[in-house]
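What follows is one structure encoded as structure tokens, with my remarks underneath.
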Amino acid sequence: MSVRKARSRTHRSAAERRCRSALARLVSQRGLLRGNLLERRRVCGKPNCKCTRGERHTNLYLVYSESGKLRQLFVPKRWEPLVRQWAADYHEIRRLLEELSQMYVEKLRSRED
């Protein structure tokens, strides 16, 4: 049993073309960062600081795994918008890959070319 050669992109469904285009845009335009962002609120310990009255300081951390261990990396304030975008793009790429994979599962189920 042989599988026919893949069709050209014009024979792909509109949903598949849309998904592939979105993936290509995301991969080629900006950076990608695997991990999740964690906001921590803390008290600094200075006696006259606003945090002693309940307005805690907010810090952002990137949480990711490395060699099977969870790591946390502090994100400086000036890097926050860029890091948030990189992480969001990575999560969107994973979502799109899952969507595309599901399309191929359905093709396989229906034995559609």
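The values are calculated or read from the model by the stated rules, or taken from the named source; none is laboratory data. Note that this is a predicted model, so its numbers are computed, not measured. Positions of Cβ are generated from backbone atoms using ideal geometry, with glycine treated the same way; all protein chains shown enter the neighbour counts.
Here are some notes:
- Residue satisfying all of: in segment 16-65; polar (S, T, N, Q) and touching a strand residue (DSSP E or B) at 6+ places or on another chain (Cβ under 9 Å); surrounded by the most Cβ atoms within 10 Å (Cβ to Cβ) among these: N59
- Any hit, segment 54-61, residues being within 16 Å of L38 (Cβ to Cβ), without any contact (Cβ under 8 Å) to a residue 24 or more places away in the chain and either of a type in the set (K, R) or in contact with a Gly (Cβ under 8 Å, 6 or more places away or on another chain) (or both): yes
- Qualifying residue in segment 75-84 (condition: part of a strand (DSSP E or B) and surrounded by 10 or more Cβ atoms within 10 Å (Cβ to Cβ)): yes
- Sole exception among (1) outside any loop (DSSP other than H, G, I, E, B); (2) among the acidic types (D, E); (3) more than 18 Å from R20 (Cα to Cα) for E98, by number: (3)
- Those residues of segment 25-56 which are modelled with pLDDT of 90 or more and part of a strand (DSSP E or B), in sequence order: N36, L37, L38, E39, R40, R41
- Members of segment 82-113 that are among the β-branched types (V, I, T) and under 16 Å from R30 (Cα atoms): V83, I93
- Count - residues of segment 77-113 that are touching a residue at least 40 places away in the same chain (Cβ under 8 Å), charged (D, E, K, R) and in contact with a helix residue (DSSP H, G or I) (Cβ under 9 Å, 6 or more places away or on another chain): 4
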